[in-house]
Amino acid sequence: MSSRSPTVVWRVSSELVRALDDRLGAPLDGYVNGTQSWLTDDGPGDQTLEWRLHPVGGYAAPRDASPYEVFDEVVGALGAGAPADAVPIGGERRALTSLWEGLECFAAYGDEMEPAVLAAAAARALGIPPDATGLVDHTRIGEAWERSGRQTSITDLLFEELGASR
C-alpha cells in the first residue's frame, strides 16, 4: 500500500538557487549524493517544511569540493556573475544543471497539509511559485532511485507523479 504526501516542486535555475540562499540561507545539510536540505518553520501554524535541492541522476561531485561547500561555492560564483552554464566550483567549471535538477518542499515529520496550502506557504517563503503541486509517493520514488543505482532523476519522478512535464 502506498502513502501519498503533498509536495511542491521547482525546476532548478540560477534565480531559484539565489532565492534559496536569500530566503532560507545556507543548507542545514549537504550530502555526498548531491542533495542539499533545509528545514524552516514557514508552514501554517509554524509547521516545519523540509526543502530538498535534488541532484541530477548519476550525480558526480565537483573535484575538490565537499558536499558542505558545493552550495556556498555555487551561490558565491553566481553572485559574482558566473553564468549558470559555467559555474566555477572545486577547481572546474560546471553547468548548474549538472549539479541539481529541482527543488522539492514538503511538510516535515509527516505532518498533514493540503497541497494548495503547502504551495502557498512555500511560495511565500521562497518568493517564487512552484512549477508543480500535488501528492506523491515518496517511497516509490526513493525505491526507483535506489534500484537505478541513483542514475534516475528524482525530479523527473516527482514531475511524473504530479502529472506535470519537466
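The values are calculated or read from the model by the stated rules, or taken from the named source; none is laboratory data. Everything numeric in this text was worked out from a predicted model, so none of it was measured. In this analysis, Cβ positions are derived from the backbone assuming ideal geometry, glycine residues included, and neighbour counts consider all displayed protein chains.
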**OP:** Please enumerate the residues belonging to the range 11-27 that are assigned to a helix (DSSP H, G or I), in contact with a Phe, Trp or Tyr (Cβ under 6 Å, 6 or more places away or on another chain) and closer than 15 Å to L99 by Cα.
**Re:** L16
**OP:** Filter the range 1-44 for residues that are at positive phi and surrounded by 18 or more Cβ atoms within 10 Å (Cβ to Cβ) and give the result.
**Re:** G34
Subject >> Evaluation of V8 against (1) among the β-branched types (V, I, T); (2) part of a loop (DSSP other than H, G, I, E, B); (3) at pLDDT 95 or above (one fails), failing number >> reply: (2)
Original post:
What number of residues within the range 57-95 satisfy the criterion of being farther than 17 Å from L20 by Cβ and either within 14 Å of the chain's Cα centre (by Cα) or aromatic (F, W, Y) (or both)?
Top reply: 2
Original post:
Among the residues of the range 131-141, is there at least one that is farther than 25 Å from S14 by Cα, surrounded by 14 or more Cβ atoms within 10 Å (Cβ to Cβ) and either among the small types (G, A, S) or without any contact (Cβ under 8 Å) to a residue 40 or more places away in the chain (or both)?
Top reply: yes
Subject >> Residue that is nearest to V12 (Cα to Cα) [pool: residues in the range 34-83 that are among the hydrophobic types (A, V, I, L, M, F, W, C) and assigned to a loop (DSSP other than H, G, I, E, B)] >> reply: V56
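State the number of residues belonging to the range 45-68 that are buried (at least 16 other Cβ atoms within 10 Å of the Cβ) and not β-branched (V, I, T).
At the first step, the residues of the range 45-68 found to be buried (at least 16 other Cβ atoms within 10 Å of the Cβ) are 47, 49-57, 59, 61-62, 65, 67.
Imposing the further condition that a residue be not β-branched (V, I, T) reduces the set to 47, 49-55, 57, 59, 61-62, 65, 67.
Qualifying residue count, the range 45-68: 14.
Give the residue, chosen from P115, P129, that is out of contact with any Pro (no Cβ under 9 Å at 6 or more places or on another chain) and not basic (K, R).
Working: P115 fails: out of contact with any Pro (no Cβ under 9 Å at 6 or more places or on another chain).
So the residue among P115, P129 that is out of contact with any Pro (no Cβ under 9 Å at 6 or more places or on another chain) and not basic (K, R) is P129.
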Original post:
If you check E50 against the conditions, is it of a type in the set (D, E), in contact with a helix residue (DSSP H, G or I) (Cβ under 8 Å, 6 or more places away or on another chain) and within 23 Å of G149 (Cα to Cα)?
Top reply: no
**OP:** May I ask you to list the residues in the range 56-89 that are in contact (Cβ under 8 Å) with a residue 24 or more places away in the chain and over 16 Å from N33 (Cα atoms)?
**Re:** D72, V74, V75, L78, G79, A84, I89
**OP:** Search the range 44-68 for residues being at pLDDT below 90 and out of contact with any Gly (no Cβ under 9 Å at 6 or more places or on another chain), and hand back the single one that is nearest to P129 (Cα to Cα).
**Re:** P44
Original post:
Does any residue in the range 20-45 that is closer than 14 Å to C105 by Cα come within less than 7 Å, Cβ to Cβ, of a residue that is acidic (D, E) and surrounded by 16 or more Cβ atoms within 10 Å (Cβ to Cβ) six or more places away or on a different chain, and which pairs are these?
Top reply: S37/E50; L39/E50
